[in-house]
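A.B. asks: Sharing a structure below in structure tokens format, with a few things to ask.
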There are 2 protein chains.
Amino acid sequence: MQTVTPASAIDPATGRALKLWVVLSRATASIERRAREDVARHDLTLAEFGVLEALYHKGPMLAGEVQRRTLVSSGGITYLVDRLTARDLVERRPCPEDRRANYVALTPKGTAFIRSIFPEHAMVIAEVMSALSPGEQETAAHLLRQLGLSLRQAPDASD
Amino acid sequence: MQTVTPASAIDPATGRALKLWVVLSRATASIERRAREDVARHDLTLAEFGVLEALYHKGPMLAGEVQRRTLVSSGGITYLVDRLTARDLVERRPCPEDRRANYVALTPKGTAFIRSIFPEHAMVIAEVMSALSPGEQETAAHLLRQLGLSLRQAPDASD
DNA sequence: AGGAATTGTCTCAGAACTGAACAATTTAAT
DNA sequence: ATTAAATTGTTCAGTTCTGAGACAATTCCT
């Protein structure tokens, strides 16, 4: 008889953190799959949808702002804006105060497009999240926001 | 004067779900970045690390089991096992009862490797999660497990 | 003003997968 | 036993992005 694998005795605090990480990434992966299937109906990736949604809710933004908001790489935002521009959903506009920069904005077609698909997508998300009660959803959101903020504020607190 | 964008009045339940989705995916993306940087020190992707960890904790498994556990595509698991095999960290073993299938197992080198790097990685995760108290971590894990389970049990409840 | 450092974006090579089609079995049905 | 259906893993073409470096414009120092 033999235990499956002690796998090094882990202290309780670390075990707790690991368990949270496992369920967090699994839940996200599962929801992402559902969300991806939904936006794929409109020939969009989640990242593309994210760009459209950011512009829809916040209005025109500098490319860098969109990048930070959607958490893609520098090359990624260029790629995404290129693709969306090719479909005439967004456009680049020169920034008067800083000629290196440019705004990214929805075109009329892009506005109409995201307006028409966003509500359906929101309903898919609502259905997915309905496994939790409203109160539970708020609790989860509160905790996850804390987690996310702590990471962006302390990218490398090493001294 | 003009509001930024009403973006279609969303009912409270949907808004709650969307907010949760945003903080969930952001938190995950941030943590993933940290975790990816950590395993990259050992020339591993997160997916590769996930395979090694699964085998380390559960012992040899059929390729399909590893695939389901790590949530990669069918082609993905072949790709990952190929890469890890090339580094002599895992190996394929024929399955006696089913000649289509094969087990994936850690080699001695792979076992030593994951044993040596897992604790460090666990500590990185523990530090990341330390933004939440132990009780909060358990609450979050509980809620996220519910969410994840509800999605795997009802992949397409459409009738 | 002049030079260095910083910032904002783009380019590009290529990494890390995905998913559809396929071959090899195994299981179920007739 | 045969045929059909389902399961397991692989191949391969193609997609989506990443990250290092290049470049230009701006800001900061003296």
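The values are calculated or read from the model by the stated rules, or taken from the named source; none is laboratory data. Small disclaimer: the values here were computed from a predicted structure and weren't measured. Backbone-built Cβ (ideal geometry, glycine too); neighbour counts: all protein chains shown.
A.B. asks: Just give me the residues in region A:88-137 being in a loop (DSSP other than H, G, I, E, B), within 15 Å of DNA strand C (Cβ to nearest atom) and out of contact with any Leu (no Cβ under 6 Å at 6 or more places or on another chain), in sequence order.
C.D. replies: Scanning region A:88-137 gives A:C95, A:P96, A:E97, A:D98, A:R99, A:R100.
A.B. asks: Can you work out which of the residues in region B:75-87 that are farther than 19 Å from A:S25 by Cα and small (G, A, S) is farthest from DNA strand C (Cβ to nearest atom)?
C.D. replies: Checking each candidate, the answer is B:A86.
A.B. asks: Which condition from (1) surrounded by fewer than 16 Cβ atoms within 10 Å (Cβ to Cβ); (2) within 12 Å of chain A (Cβ to nearest Cβ); (3) under 21 Å from B:R92 (Cα atoms) is the one that B:D11 breaks?
C.D. replies: In the conditions (1) surrounded by fewer than 16 Cβ atoms within 10 Å (Cβ to Cβ); (2) within 12 Å of chain A (Cβ to nearest Cβ); (3) under 21 Å from B:R92 (Cα atoms), B:D11 misses (3) alone.
A.B. asks: Restricting attention to region B:31-47, which residues are of a type outside the set (A, V, I, L, M, F, W, C) and within 9 Å of chain A (Cβ to nearest Cβ)?
C.D. replies: Matches in region B:31-47: B:E32, B:R33, B:R34.
A.B. asks: Given the condition of a type in the set (G, A, S), more than 14 Å from chain B (Cβ to nearest Cβ), in a helix (DSSP H, G or I) and within 10 Å of DNA strand C (Cβ to nearest atom), answer yes or no: does some residue in region A:48-70 qualify?
C.D. replies: Yes, region A:48-70 contains a residue that is of a type in the set (G, A, S), more than 14 Å from chain B (Cβ to nearest Cβ), in a helix (DSSP H, G or I) and within 10 Å of DNA strand C (Cβ to nearest atom).
A.B. asks: Looking at region B:58-67, which of its residues are more than 9 Å from DNA strand D (Cβ to nearest atom) and not small (G, A, S)?
C.D. replies: Hits for region B:58-67 are B:K58, B:P60.
A.B. asks: State which residue is nearest to the other protein chains (Cβ to nearest Cβ) when the search covers only region B:71-118 and only residues that are loosely packed, with under 15 Cβ neighbours inside 10 Å and within 18 Å of the chain's Cα centre (by Cα).
C.D. replies: The residue in question is B:S73.
A.B. asks: On the basis of being at pLDDT below 95, of a type in the set (A, V, I, L, M), within 14 Å of DNA strand D (Cβ to nearest atom) and more than 24 Å from A:R145 (Cβ to Cβ), does A:A40 make the cut?
C.D. replies: Yes.
A.B. asks: Here's another thing I want to ask about it. Which pairs have Cβ atoms under 7 Å, sit 6 or more apart or on different chains, and link a residue in region A:106-117 that is farther than 18 Å from A:M61 by Cβ to one that is modelled with pLDDT of 95 or more and exposed (fewer than 15 other Cβ atoms within 10 Å of the Cβ)?
C.D. replies: A:K109/A:D88
A.B. asks: Can you confirm whether region A:78-85 contains a residue that is within 11 Å of DNA strand D (Cβ to nearest atom), assigned to a helix (DSSP H, G or I) and aromatic (F, W, Y)?
C.D. replies: yes
A.B. asks: Condition test on A:L151, is it within 16 Å of DNA strand D (Cβ to nearest atom) and at the interface with chain B (Cβ under 10 Å from one of its Cβ atoms)?
C.D. replies: yes
A.B. asks: What tally of residues in region A:37-47 results from selecting those that are within 10 Å of DNA strand C (Cβ to nearest atom) and surrounded by 14 or more Cβ atoms within 10 Å (Cβ to Cβ)?
C.D. replies: Residues in region A:37-47 being within 10 Å of DNA strand C (Cβ to nearest atom) and surrounded by 14 or more Cβ atoms within 10 Å (Cβ to Cβ): 0 in total.
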